[in-house]
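S.K.: Sharing a structure, written as structure tokens. Questions coming.
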Amino acid sequence: MELSGQIIEAGEASGELLVSAEPLSFWGGYDYHTGNIIDQRHPLAGLCAAGRILAVPFTRGSSSTTAVLLEAIKAGTAPAAIITTAPDSFFALASIVADEMYGKPVPLISLSDGQFALLQSGQSAHIKHDGTIKIQ
Amino acid sequence: MKSTSLSLTPYEQALLDGEHGTGKQLAMSVIVRMARFYGAPRLLEISGAHIDSSVYFGPAGLEFAERLAALGAQVSVPTTLNVSALDEHNWQEWAVPPEWASEARRQMIAYEAMGCRPTWTCAPYQVELTPKFGQQIAWGESSAIVFANSVLGARTARYPDLMDICAAIVGRVPEASLHLTENRAGELILDLAEISAEIQAESSFYPVLGTLLGKLAGNKIPVVNNFVGTPTEDDLKALGAASASAGAVALFHIVGVTPEAPTLDAAIQGRQDVPTIRVTQAMIREAWQLLTKASGDELDMVILGSPHFSLAEFKALAPLVAGKKKHPSVKFLVTSSRAMAALAHKAGLLEPIKAFGAQITLDTCILVSPMLPPEITRLMTNSGKYAYYAPGLLETEITFGSLQDCVRSAEIGRVTRDESLWN
């Protein structure tokens with residue numbers, strides 16, 4: 001299956017998909033030391049997103065999500081890429097600052113609700129520079 | 001991202017070109033890239049900022065702050081600071097690791113060096129530089145953003161950490177999002193007609209309603225209709241904080257209460273086909289239940305003050321604890337700001353609270369400072385925000401109750417609540 005998304009921050013990434021329809025706050029939700037999702041109320045709680053492609057509709061809650069994602073990028077525990085259902089300013093800002101600071105933006109792609117609903121955890125995905133997502 | 005081209009004034013272009021120094025250039029570069037993200041046609045001048053980036057999380061945030069400060073960046077508008085990760089003068093009383101404290105302290109110094117005011121509070125609007133109706137500002141801290149927009153009618157987007165300081169340095173934000181009137185219309189109506197006036201009159205109704213708002217609205221702008229309560233400023237503070245924890249609410253309207261909602265029609269700016277959800281008692285109960293994650297009635301600590309405890313909240317707490325003593329096995333902690341604690345002290349409110357056995361932590365809170373010793377695992381609070389975040393961030397259990405429930409539980413040393421209202 002191939003999906004065509006809107007590019008928020010361009011880049012290439014490959015990895016296993018980790019998908020939830022529930023929005024996520026990285027603050028209180030993501031441990032940057034490990035890449036584990038720690039929000040006990042979130043369906044992905046206990047799973048590790050480091051190096052995987054994380055798909056959540058948008059960020060919930062705290063404005064510190066960006067700070068935590070930046071720490072994860074520096075620590076090497078960030079998702080390989082993030083897919084959302086709408087452009088998310090928090091993910092965008094963290095990716096831009098990571099680019100300014102370390103030359104390491106996290107690729108960000110936004111899909112329509114319908115396309116997002118086709119994603120399943122465990123699938124293997126490859127994101128290309130043009131925003132195409134190839135799923136196997 | 002979007003194709004709309006961004007036009008900059010000669011001054012803004014000069015900032016971007018580094019003519020005003022490399023610190024301002026780095027900040028402007030971030031703002032311009034975010035303006036492209038928003039598809040903004042131009043930038044907008046702001047006249048105030050509140051910085052959430054002051055909280056220390058780790059080496060990357062510290063590096064960012066120290067780089068900006070070392071490059072000589074200074075804020076160009078009056079700027080308050082959110083909580084730090086440290087009670088600057090009393091952190092040694094808790095379990096904060098000294099190395100960690102020294103890093104957190106460096107982050108505080110970097111933000112002070114950029115000209116920010118050391119307010120160190122998540123409720124700056126109760127301390128100083130309270131924004132005016134219609135004022136364009138750049139605020140971080142989800143609970144402060146939602147208060148500024150909804151209760152004060154000031155205008156800020158939901159700015160993330162790291163962007164807030166960039167906006168304060170260049171005095172500009174993308175002309176987009178909640179800065180523009182047309183983006184402030186309600187998108188979802190929550191009708192409280194079925195909810196009893198008795199519940200709506202209860203102070204602990206507000207964090208519960210906020211939680212429900214967050215769950216139902218997600219990142220949309222909710223409008224609460226048929227609301228019959230008479231909320232205090234602190235009630236609205238609690239509502240907003242909970243809505244920005246359980247969801248991504250940056251602006252809510254309450255018809256007849258908040259300034260942009262004199263009528264339902266005004267709140268939705270006369271739009272048609274705005275969906276309505278009829279809130280049921282069962283939905284309220286479910287939101288109330290969501291705020292408790294506990295397996296029994298054992299209790300290690302009562303924690304109050306997220307957002308930071310105000311003078312009015314100290315005033316409400318003092319008579320409840322006067323002449324009483326907390327149980328020796330339970331801690332009772334209030335988190336607040338220097339400014340509010342100083343006022344409470346002057347008003348003689350801290351004496352009965354301290355005599356009860358309560359402790360007061362300033363500048364920070366238990367969610368951002370690693371201050372709690374590991375043996376504290378069972379908490380109780382009247383704060384929707386503490387209730388929402390503690391299990392994930394601190395791996396503790398937590399029970400949500402009213403202020404009265406919290407005091408009573410601290411006295412007897414076990415969780416006890418009046419649940420009659422919610423059943």
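The values are calculated or read from the model by the stated rules, or taken from the named source; none is laboratory data. Owing to the predicted nature of the structure, the values given are computational and were not obtained by experimental measurement. Quick reminder, even Gly has a Cβ in these numbers, built from the backbone with ideal geometry, and neighbours come from all protein chains shown.
S.K.: Within the stretch B:143-168, how many residues are crowded, with 24+ Cβ neighbours inside 10 Å, closer than 14 Å to B:E233 by Cβ and not small (G, A, S)?
M.R.: Qualifying residue count for the region: 2.
S.K.: Could you check how many residues of the stretch B:148-168 are within 14 Å of chain A (Cβ to nearest Cβ), part of a loop (DSSP other than H, G, I, E, B) and of a type outside the set (D, E, K, R)?
M.R.: Total meeting the criteria: 5.
S.K.: Confirm whether B:T130 is assigned to a loop (DSSP other than H, G, I, E, B) and either more than 26 Å from B:L304 (Cβ to Cβ) or under 15 Å from the mean Cα position of the chain (by Cα) (or both). First the steps, then the outcome.
M.R.: Working: assigned to a loop (DSSP other than H, G, I, E, B): yes; either more than 26 Å from B:L304 (Cβ to Cβ) or under 15 Å from the mean Cα position of the chain (by Cα) (or both): yes.
Taking the combined requirement at face value, the residue satisfies it.
S.K.: Looking only at the stretch B:268-290, decide whether some residue is charged (D, E, K, R), part of a loop (DSSP other than H, G, I, E, B) and over 28 Å from B:S142 (Cβ atoms). It would help to see each step written out before you state the result.
M.R.: First pass over the stretch B:268-290, keeping only residues charged (D, E, K, R): B:271, B:273, B:278, B:285-286.
Checking which are part of a loop (DSSP other than H, G, I, E, B) leaves us with B:271, B:273.
Those still in the list that are over 28 Å from B:S142 (Cβ atoms) too: B:273.
Within the stretch B:268-290, one or more residues are charged (D, E, K, R), part of a loop (DSSP other than H, G, I, E, B) and over 28 Å from B:S142 (Cβ atoms).
S.K.: Moving on to the next point. If B:A238 satisfies every condition in (1) hydrophobic (A, V, I, L, M, F, W, C); (2) away from every other protein chain (no Cβ under 12 Å); (3) surrounded by fewer than 24 Cβ atoms within 10 Å (Cβ to Cβ) but one, which is the exception?
M.R.: (3)
S.K.: Restricting the first residue to the stretch B:267-296 and requiring it to be outside the structural domain of B:A244 (by TED's automatic domain parsing), which pairs with a second residue that is loosely packed, with under 14 Cβ neighbours inside 10 Å and at pLDDT below 95 meet a Cβ separation below 7 Å and a spacing of at least six or different chains?
M.R.: none
S.K.: Go through the stretch B:190-225 and give me each residue that's of a type in the set (A, V, I, L, M, F, W, C) and surrounded by 21 or more Cβ atoms within 10 Å (Cβ to Cβ). Even if it seems obvious, please write down each step before you answer.
M.R.: Quick first cut of the stretch B:190-225, residues of a type in the set (A, V, I, L, M, F, W, C) only: B:190, B:192-193, B:195, B:197, B:199, B:201, B:205, B:208-209, B:212-213, B:216-217, B:221, B:223-224.
Correct list: B:L190, B:L192, B:I195, B:F205, B:V208, B:L209, B:L212, B:L213, B:A217, B:I221, B:V223, B:V224.
S.K.: Taking the residues in the stretch B:169-187 that are more than 9 Å from chain A (Cβ to nearest Cβ) and assigned to a helix (DSSP H, G or I) as candidates, determine which candidate is nearest to B:K237 (Cα to Cα).
M.R.: In the first step, residues of the stretch B:169-187 are kept if they are more than 9 Å from chain A (Cβ to nearest Cβ); the result is B:169-176, B:178-187.
With the extra rule that they be assigned to a helix (DSSP H, G or I), the set shrinks to B:169-170, B:178-179, B:181-183.
Working: B:I169: 28, B:V170: 29, B:L178: 19, B:H179: 21, B:T181: 23, B:E182: 25, B:N183: 22 Å.
That would be B:L178.
S.K.: Hey, can you tell me all the residues within the stretch A:89-136 that are among the small types (G, A, S) and touching a helix residue (DSSP H, G or I) at 6+ places or on another chain (Cβ under 7 Å)?
M.R.: Start the filter on the stretch A:89-136 by keeping residues that are among the small types (G, A, S), which leaves A:89, A:92, A:94-95, A:98, A:103, A:110, A:112, A:114, A:117, A:121-122, A:124-125, A:131.
The answer is A:S89, A:A92, A:A94, A:A98.
S.K.: Step by step: first the residues of the stretch B:58-79, then only those that are of a type in the set (S, T, N, Q) and over 17 Å from B:P160 (Cβ atoms), then the one that is surrounded by the most Cβ atoms within 10 Å (Cβ to Cβ). Which residue is that? Before the answer, list the steps.
M.R.: Applying the first criterion (of a type in the set (S, T, N, Q)) to the stretch B:58-79 yields B:74, B:76, B:79.
Then keep just the ones that are over 17 Å from B:P160 (Cβ atoms); that gives B:74, B:76.
On the way: B:Q74: 16, B:S76: 20.
The extreme case among them is B:S76.
S.K.: Moving to a separate point now. Do you know which residues across the stretch B:1-24 are within 14 Å of another protein chain (Cβ to nearest Cβ) and either in contact (Cβ under 8 Å) with a residue 40 or more places away in the chain or buried (at least 23 other Cβ atoms within 10 Å of the Cβ) (or both)?
M.R.: Quick first cut of the stretch B:1-24, residues within 14 Å of another protein chain (Cβ to nearest Cβ) only: B:1-4, B:16, B:18, B:22-24.
B:T22, B:G23, B:K24, listed by residue number.
S.K.: Kindly provide the set of residues from the stretch B:182-207 that are under 30 Å from B:L44 (Cβ atoms) and in contact with a Lys or Arg (Cβ under 9 Å, 6 or more places away or on another chain), ordered by number. Walk me through how you get there before you give the answer.
M.R.: Keep residues of the stretch B:182-207 that are under 30 Å from B:L44 (Cβ atoms), which gives B:182-189.
Listed by number, the residues that qualify are B:R184, B:A185, B:G186, B:E187, B:L188.
S.K.: Considering only residues that are of a type in the set (V, I, T) and touching a residue at least 12 places away in the same chain (Cβ under 8 Å), which ones fall in the stretch B:223-266? Break it down stepwise before answering.
M.R.: Residues of the stretch B:223-266 that are of a type in the set (V, I, T), as a first pass: B:223-224, B:228, B:230, B:232, B:249, B:254-255, B:257-258, B:263.
If the condition is that a residue be of a type in the set (V, I, T) and touching a residue at least 12 places away in the same chain (Cβ under 8 Å), then B:V223, B:V224, B:V228, B:T230, B:T232, B:V249, B:I254, B:V255, B:V257, B:T258 are the ones that fit.
S.K.: So if I check each of B:A261, B:A248, which one is buried (at least 20 other Cβ atoms within 10 Å of the Cβ), within 23 Å of the chain's Cα centre (by Cα) and at pLDDT below 95? Outline the logic, then answer.
M.R.: Numbers: B:A261 fails: at pLDDT below 95.
From the options B:A261, B:A248, the qualifying one is B:A248.
S.K.: If a residue must be part of a loop (DSSP other than H, G, I, E, B) and of a type in the set (S, T, Y), how many such residues does the stretch B:406-423 contain? Lay out the reasoning, then the answer.
M.R.: First, pick out the residues of the stretch B:406-423 that are part of a loop (DSSP other than H, G, I, E, B): B:413, B:415-423.
Still in the running and of a type in the set (S, T, Y): B:416, B:420.
The number of residues fulfilling the criteria is 2.
S.K.: Is it fair to say B:I51 is within 14 Å of another protein chain (Cβ to nearest Cβ), under 14 Å from B:C166 (Cβ atoms) and within 26 Å of the chain's Cα centre (by Cα)?
M.R.: Working: within 14 Å of another protein chain (Cβ to nearest Cβ): yes; under 14 Å from B:C166 (Cβ atoms): yes; within 26 Å of the chain's Cα centre (by Cα): yes.
Here the answer is yes, as B:I51 does meet what is asked.
For every residue, the table says whether it meets (1) closer than 23 Å to B:R33 by Cβ; (2) touching a residue at least 40 places away in the same chain (Cβ under 8 Å).
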| position | (1), (2) |
| --- | --- |
| A:T59 | yes, no |
| A:S64 | yes, no |
| A:A80 | yes, yes |
| A:F116 | no, yes |
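S.K.: Moving on. Find the residue count for the stretch A:45-65, including only residues that are within 13 Å of the chain's Cα centre (by Cα) and modelled with pLDDT of 95 or more.
M.R.: Qualifying residue count for the region: 10.
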